[in-house]
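Down below is the structure, laid out as structure tokens.
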There are 2 protein chains.
Amino acid sequence: MRLTAFTDYGLRALMRIASDPSRGFSTAELADEFGLSRHHLAKIVQRLAQGGILSTRRGGGGGAMLAVPAGTLRLGAVVRLLEESGSGLVDCLTPGALACTVDGRCGLKSRLRRAEAAFMAELDRSTLADIALHPLEVEQ
Amino acid sequence: MRLTAFTDYGLRALMRIASDPSRGFSTAELADEFGLSRHHLAKIVQRLAQGGILSTRRGGGGGAMLAVPAGTLRLGAVVRLLEESGSGLVDCLTPGALACTVDGRCGLKSRLRRAEAAFMAELDRSTLADIALHPLEVEQ
């Protein structure tokens, strides 16, 4: 079972950004740290900004910052936002999937949906503040 | 969030095999039905047999059958078995992953593991009997 790379790096970026809420993080800085293309990182930041998690400011001293306190950001909500354009758990749960030959008689789909909800609910028990990298630790 | 294709097709094969516990299903029959290569399907059947879920018999009237009653097979256990060789939820949870630069200080990994456990626990509330395709429905 795998989250999209988009979510994986989105979470890492947020852990880092949450480590120092007082300053902006440039796309270049985050991209370099994770060995990602700036283009990819920019798309992640854009999604998080559209979802109201990050705010971005151009220019010197600008960059991406948390739009709301880390303690108010539930991890399940963050993952749901980042996964939005990703694949479903199985082919038939992916948006735009072909009609299934056993649709309406399949007992699996609803159970996978409930399991996914349980996954997100468990993540929702924590907030971004719980996984922020402590500034001192970042500098090690 | 996505299960491996191995798991996706493994579940579909089991739903079909459980629809008629009285007969064996050949790899060719299942592969044709799902539009998969026989090689791929044979690997799935092999894994399920190794895990004690299917028994296989060669020759006429042979094929793959459930090794135990469908009502005793918890879906979480089935998915865990099928996912075994798959990727972890994120890069750093994948077997053989490179050492993480924040290992020991990362609060995300343990939370993802707990969420995955909640996912499997929810699936474990159902058995293969709950998702078996009814024989009559199979024939439609």
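The values are calculated or read from the model by the stated rules, or taken from the named source; none is laboratory data. What you see is a predicted model; the values in this text were computed from it and never measured. Here Cβ is always computed from backbone atoms with ideal geometry, including for glycine, and neighbour counts include all displayed protein chains. Each accessible area value is taken on the protein alone, full model and side chains, heavy atoms only, with ligands, DNA and RNA left out. Shrake-Rupley method; radii C 1.70, N 1.55, O 1.52, S 1.80 Å.
If you go through segment B:1-20 and keep only what is assigned to a helix (DSSP H, G or I) and more than 10 Å from chain A (Cβ to nearest Cβ), you end up with B:PHE6, B:GLY10, B:ALA13, B:ILE17.
Is it the case, given these coordinates, that A:ARG38 is among the basic types (Lys, Arg), open to solvent by 70 Å² or more (accessible area, probe 1.4 Å), touching a helix residue (DSSP H, G or I) at 6+ places or on another chain (Cβ under 9 Å) and more than 14 Å from chain B (Cβ to nearest Cβ)? For A:ARG38, the condition - among the basic types (Lys, Arg), open to solvent by 70 Å² or more (accessible area, probe 1.4 Å), touching a helix residue (DSSP H, G or I) at 6+ places or on another chain (Cβ under 9 Å) and more than 14 Å from chain B (Cβ to nearest Cβ) - is met.
For segment A:21-29, the criterion of being touching a residue at least 40 places away in the same chain (Cβ under 8 Å), open to solvent by less than 50 Å² (accessible area, probe 1.4 Å) and in a strand (DSSP E or B) is satisfied by at least one residue. Residues in segment A:4-23 that are at pLDDT 95 or above and over 16 Å from the mean Cα position of the chain (by Cα): 0 in all. Taken over segment A:47-66, the criterion of being touching a strand residue (DSSP E or B) at 6+ places or on another chain (Cβ under 8 Å) and of a type outside the set (Val, Ile, Thr) is satisfied by A:LEU48, A:ALA49, A:LEU54, A:SER55, A:ARG57, A:GLY62, A:GLY63, A:ALA64, A:MET65, A:LEU66.
Give me the residue from segment B:53-70 that is β-branched (Val, Ile, Thr) and more than 14 Å from the chain's Cα centre (by Cα) and, out of that set, farthest from B:ALA13 (Cα to Cα). So the residue we want is B:VAL68.
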